[in-house]
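Student: Sending over a structure as structure tokens; questions will come in a sec.
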Amino acid sequence: MKLYSAPGTCATAMHIALEWIGKPYEVEHLDYAGMKSPEYLKLNPSGVVPTIVDGDLILPEGMAILLYLVDQNPDVEIGPAFGTAERNELHRWLVYLSGTLHPYFWPHFTPMRFTTDEDGHAAVQAASHVLVDKALTQIDTHLEGREWMVGNAKSVADAFLYPMANWAYDLEKPTTKYKNIDRIIRKLAADPAVQKVHKAQGTSARVDLTA
Ligand SMILES: N[C@@H](CCC(=O)N[C@@H](CS)C(=O)NCC(=O)O)C(=O)O
């Protein structure tokens, strides 16, 4: 199994899931040029990370990868089994993270893709921040009184939340203002598997675990 990733990106979630699974895997960290290279575009026509290659399988799209990893590893318990009520909850939150929260960040990171007005980047980013706040507020409300995103156990939904919540620590309304999300990110940041991923990426947890 090989994961194509880039430090600090959404692909961090798939890297965490691979660490939780504990089977041998390889990670290649791509830079921007690598993501747009002809060789990589054959694997992922969008030119983004993540992609996994597992034997003959070439699978782009983070959510599809996470569900593949859950189903291939039923013994590891990184997500509820197919056909259960909790599995529906997992689908719900993976779709929300992948299809709502994640795209809300895009104008923040790449405002030039969302306006042709070179002076309009700050306005586009401000609009992104309003949407990110809306989504993080919904997730924070969901997490009230809960230990994890889905059911009573940690799952790939928490892994998916991790990089996105980390991005928001830099916003004017930082992740610390969403106390339930911040609580879960702190638990994840203390997880040895997550620390191993940070080390492999050359990144650090965004929370101070001694505080
Ligand atoms: N729909 C894709 C989106 C992946 C995506 O946007 N990845 C970002 C990193 S978080 C990326 O590689 N961006 C490079 C670019 O947009 O050029 C998925 O969920 O896997």
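The values are calculated or read from the model by the stated rules, or taken from the named source; none is laboratory data. The structure presented is a predicted model; accordingly, all values stated were derived computationally and were not measured. Glycine gets a Cβ as well: all are built from the backbone with ideal geometry, and neighbour counts include every protein chain shown. What goes into the accessible areas is simple: the full protein's heavy atoms, side chains included, and nothing from ligands, DNA or RNA. Shrake-Rupley method; radii C 1.70, N 1.55, O 1.52, S 1.80 Å.
Student: So is Q201 within 18 Å of L3 (Cβ to Cβ) and free of Cβ contacts under 8 Å to residues at least 24 places away in the same chain or not? Write out each step before concluding.
Tutor: Values: within 18 Å of L3 (Cβ to Cβ): yes; free of Cβ contacts under 8 Å to residues at least 24 places away in the same chain: no.
Answer is no for this residue.
Student: Which numbered condition in (1) more than 9 Å from the ligand (Cβ to nearest atom); (2) without any contact (Cβ under 8 Å) to a residue 60 or more places away in the chain is the only one that T51 fails?
Tutor: Condition not satisfied by T51: (1).
Student: Condition first: outside any loop (DSSP other than H, G, I, E, B), under 13 Å from A11 (Cα atoms) and touching a helix residue (DSSP H, G or I) at 6+ places or on another chain (Cβ under 8 Å). Now tell me which residues in the stretch 31-74 satisfy that.
Tutor: Within the stretch 31-74, T51, I52, L59, P60, G62, M63, I65, L66 meet the criteria.
Student: Go over the candidates E89, E77 one by one and state the one that is surrounded by fewer than 19 Cβ atoms within 10 Å (Cβ to Cβ), under 20 Å from I16 (Cβ atoms) and at pLDDT below 95.
Tutor: E77
Student: Could you check the stretch 9-30 and list, in sequence order, the residues that are more than 11 Å from the ligand (Cβ to nearest atom) and either assigned to a helix (DSSP H, G or I) or within 25 Å of F109 (Cα to Cα) (or both)? Reasoning before the result, please.
Tutor: Within the stretch 9-30, the subset more than 11 Å from the ligand (Cβ to nearest atom) is 15-29.
Once the filter is applied, which keeps residues that are more than 11 Å from the ligand (Cβ to nearest atom) and either assigned to a helix (DSSP H, G or I) or within 25 Å of F109 (Cα to Cα) (or both), the stretch 9-30 yields H15, I16, A17, L18, E19, W20, I21, V27, E28, H29.
Student: When the residues of the stretch 105-125 are narrowed to those that are free of Cβ contacts under 8 Å to residues at least 60 places away in the same chain and open to solvent by less than 50 Å² (accessible area, probe 1.4 Å), which ends up nearest to L161 (Cα to Cα)?
Tutor: The qualifying residue nearest to L161 (Cα to Cα) is P107.
Student: Please specify each residue of the stretch 140-168 satisfying the condition of being aromatic (F, W, Y) and open to solvent by 30 Å² or more (accessible area, probe 1.4 Å). Walk me through how you get there before you give the answer.
Tutor: Within the stretch 140-168, the first condition is being aromatic (F, W, Y), and the residues that meet it are 148, 160, 162, 167.
Listed by number, the residues that qualify are W148, W167.
Student: Let me ask you something else. Working carefully through the options L59, L94, L131, find the one that is open to solvent by less than 50 Å² (accessible area, probe 1.4 Å), in contact (Cβ under 8 Å) with a residue 24 or more places away in the chain, within 16 Å of the ligand (Cβ to nearest atom) and not β-branched (V, I, T). Lay out the reasoning, then the answer.
Tutor: Values: L59 fails: in contact (Cβ under 8 Å) with a residue 24 or more places away in the chain; L131 fails: open to solvent by less than 50 Å² (accessible area, probe 1.4 Å).
None of the other options fit; the residue is L94.
Student: Shifting gears a bit: Which residues, taken from the stretch 1-20, are among the β-branched types (V, I, T) and closer than 13 Å to K196 by Cα?
Tutor: T12, I16, listed by residue number.
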